[in-house]
1. Just the residues that are in contact with a helix residue (DSSP H, G or I) (Cβ under 6 Å, 6 or more places away or on another chain) and over 18 Å from A115 (Cβ atoms), please, taken from the stretch 54-91.
2. So, in the stretch 195-224, how many residues would count as being in contact (Cβ under 8 Å) with a residue 24 or more places away in the chain and either within 20 Å of P332 (Cβ to Cβ) or outside any loop (DSSP other than H, G, I, E, B) (or both)?
3. Need at least 3 residues that are in contact with a Leu (Cβ under 7 Å, 6 or more places away or on another chain) and either surrounded by 13 or more Cβ atoms within 10 Å (Cβ to Cβ) or aliphatic (A, V, I, L, M) (or both) per element, so show me which helices (runs of 4 or more DSSP H) inside the stretch 305-390 make the cut, counting only ones lying wholly within it.
4. Can you find, within the stretch 258-284, the residue that is farthest from I297 (Cα to Cα) among those that are small (G, A, S) and without any contact (Cβ under 8 Å) to a residue 12 or more places away in the chain?
5. Could we say that S273 is of a type in the set (S, T, Y) and within 23 Å of A194 (Cα to Cα) here?
6. From F280, F320, which residue is closer than 19 Å to A210 by Cβ and modelled with pLDDT of 95 or more?
7. When the stretch 145-163 is examined, which residues are found to be in a helix (DSSP H, G or I) and among the aromatic types (F, W, Y)?
8. Of the numbered conditions (1) part of a loop (DSSP other than H, G, I, E, B); (2) closer than 23 Å to F362 by Cβ; (3) over 21 Å from the mean Cα position of the chain (by Cα), V283 fails exactly one; give the number of that condition.
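The values are calculated or read from the model by the stated rules, or taken from the named source; none is laboratory data. Here the structure is a predicted model, which is why all the values come from computation and not from measurement. Cβ atoms come from the backbone with ideal geometry, glycine included; neighbour counts cover every protein chain shown.
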Amino acid sequence: MEPSHGASPRPDVFFGFSYEMFDDAVGREFCRPPDQTLLALAHDARVGRLLVADPWRSYAVSAARRRPVRLVEDITVAGREAIRVRPHRLRTDDSAEIGTVERSYRRYGEVLGRALARSRGEREPRPRSATLVTYHPFAAAFCDSAWIDRIVYFGQDDWATGEGVSRWWEVYREAYRRIDRRCDAIFAVSEELADRVSPRTEVVPNGVIADVWRPRHPADDRIAALPRPRVVYTGTIDDRLERSLVETTAGMAGSVVMIGYPGDAGTIEWLRSLDRVHVFDPVGQDELAAMVQACDIGMIPHRDDPCIRAMSPLKLYEYFAAGLPVLSVDLPPVHGVDDERVRICRREDWASALAQVLGMGFATEQHRQAFVDAVSWEQRMRPVVDAAVG
């Protein structure tokens with residue numbers, strides 16, 4: 001059957017997050033891959049209607065938090081009018097039984113279809129009349145509705161090895177098998193993750209917001225007051241940190257700067273107990289760039305587990321965009337990004353590698369600007385949008 005897009009040749013596109021909502025993207029200033037995919041779709045003139053789907057939410061939780069439970073609302077994305085869809089059910093959490101998950105996401109597709117029809121003034125959505133672009137593996141695998149013409153899946157994390165979601169591992173593995181069979185295009189942030197999802201996967205690593213990282217920002221006063229050399233870590237602060245490596249760094253550096261979301265209270269408490277370690281809450285993107293640029297070295301002292309090895313560390317690209325040299329444990333996605341400016345080492349060699357990186361200094365401005373150009377989100381997201389519009 002040929003796709004039907006009505007009077008306009010531009011396909012309507014449904015964009016879906018994984019387990020986050022549109023509000024989360026707004027709050028973090030659209031700095032992560034799903035946020036940037038949404039912005040790229042909003043900026044592309046080939047896209048017809050743009051609809052943004054939250055994941056399943058709970059009626060009870062939304063009512064308790066006094067959030068509206070209406071299905072659709074008008075929003076603006078990058079200056080473009082769009083429609084937000086908020087599907088609700090009794091519980092937010094998915095079942096760990098494959099058949100139940102399959103039925104739930106078939107219904108999720110029906111809910112999105114009703115919203116699509118309403119946006120067009122139709123009673124029912126036309127068959128094969130819109131594209132689904134989603135970061136949610138269950139939506140990509142089990143959302144089987146007649147209105148879907150194309151499905152584009154983007155994998156940001158390996159859900160089938162995440163420690164906090166182990167009860168759903170088998171469901172995620174089945175989702176990967178179905179994604180391989182039914183999706184028109186598949187993307188992932190790393191080769192490691194691509195190998196786990198499908199041989200058809202195209203790798204689109206993380207990037208940076210060029211307009212944020214290209215300028216040289218005035219030094220942040222809080223960071224400028226700290227003793228040098230300053231070693232920085234950005235991102236979620238939780239038990240992915242290898243504590244011995246952070247402690248070694250604190251013993252050798254003038255200051256260790258930790259900036260990010262406090263994902264684990266125990267980790268934050270431990271960090272605050274260390275001399276020369278300074279913990280900062282999340283900040284806006286311009287402020288983050290200023291804080292990182294005021295440091296001397298970026299570090300990635302992560303534990304070694306399957307989920308972490310499949311990530312594309314956003315912090316790596318931010319460090320390089322700031323002109324910093326980087327010290328990292330040996331993780332597959334770190335290789336090949338900027339081999340001149342990174343020292344990848346075994347955990348037992350961390351101290352000696354840190355001593356080497358302390359002498360590397362900042363990148364030249366020409367090198368830094370060229371890196372920002374090469375990894376800008378505008379460049380990164382072109383194949384994803386091309387796949388969405390067919």
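1. Once the filter is applied, which keeps residues that are in contact with a helix residue (DSSP H, G or I) (Cβ under 6 Å, 6 or more places away or on another chain) and over 18 Å from A115 (Cβ atoms), the stretch 54-91 yields only A78.
2. Of the residues in that region, 15 qualify.
3. 350-357
4. The selected residue is A265.
5. On the way: of a type in the set (S, T, Y): yes; within 23 Å of A194 (Cα to Cα): no.
So S273 does not fit the description; no.
6. Sole residue among the options that is closer than 19 Å to A210 by Cβ and modelled with pLDDT of 95 or more: F320.
7. W159
8. (3)
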